[in-house]
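Below you'll find the structure, written out as structure tokens, and then a few comments.
The values are calculated or read from the model by the stated rules, or taken from the named source; none is laboratory data. In this text, all values refer to a predicted model and were calculated from it rather than measured experimentally. Neighbour counts are summed over all protein chains in view; Cβ atoms, including those assigned to glycine, are modelled from backbone coordinates with ideal geometry. All accessible areas refer to the heavy atoms of the entire protein, side chains included, with ligands and DNA or RNA removed. Shrake-Rupley method; radii C 1.70, N 1.55, O 1.52, S 1.80 Å.
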Amino acid sequence: MYSLLVATGSGLGYYSGIGTKKYGRQVLAYSLLGFGLFSYLTFKGYIDFGKVIGDVESTFDQDGDGDFDEKDMKLLQEKYGRHWKRIICIVSGFVLGFTVAIKVKRVNIEWEDF
């Protein structure tokens, strides 16, 4: 079961790496443009980080006491702890596939070659 998760993560990572090599500059340019726009909106006061932080804390507050602390972490670990093995398998496979796609020169094979 875990080998299937590693293989799935490797495939996703490989194709993500190919896409990053091919469209990396465009993605970087759009990301920087989005970051600049986000920073400008924050500077002008359209985005309130106090409200954002409050919403995130209320989402992760598991015991309802109004703050995110060690008790909430323990409750989250009990609730989602069994999924960590799967997550680690998928992420390790993704990193492996992504690294291979970035490091290895891709050979283009056309249908006429067969």
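Below is a table of values for the structure above.
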{"read-out": "Output for the stretch 14-30, where each listed residue is open to solvent by less than 100 Å² (accessible area, probe 1.4 Å), among the hydroxyl-bearing types (Ser, Thr, Tyr) and modelled with pLDDT of 85 or more", "value": "14, 16"}
{"read-out": "Residue pairs meeting the criteria (Cβ under 8 Å; at least 6 apart or on separate chains; first over 25 Å from residue 20 (Cα atoms), in the stretch 31-52; second surrounded by 10 or more Cβ atoms within 10 Å (Cβ to Cβ) and at pLDDT below 85)", "value": "41/47; 49/42"}
{"read-out": "Filtered residue count, the stretch 65-94, keeping only those that are surrounded by 14 or more Cβ atoms within 10 Å (Cβ to Cβ) and within 19 Å of the chain's Cα centre (by Cα)", "value": "7"}
{"read-out": "Unmet criterion (only one of (1) in a helix (DSSP H, G or I); (2) surrounded by 12 or more Cβ atoms within 10 Å (Cβ to Cβ); (3) over 19 Å from the mean Cα position of the chain (by Cα); (4) in contact (Cβ under 8 Å) with a residue 12 or more places away in the chain) for residue 62", "value": "(1)"}
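Every residue, every condition in (1) of a type outside the set (D, E, K, R); (2) modelled with pLDDT of 85 or more; (3) in a helix (DSSP H, G or I); (4) surrounded by 11 or more Cβ atoms within 10 Å (Cβ to Cβ), yes or no:
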position	(1), (2), (3), (4)
32	yes, yes, yes, no
56	yes, no, yes, yes
98	yes, yes, yes, yes
105	no, no, no, no
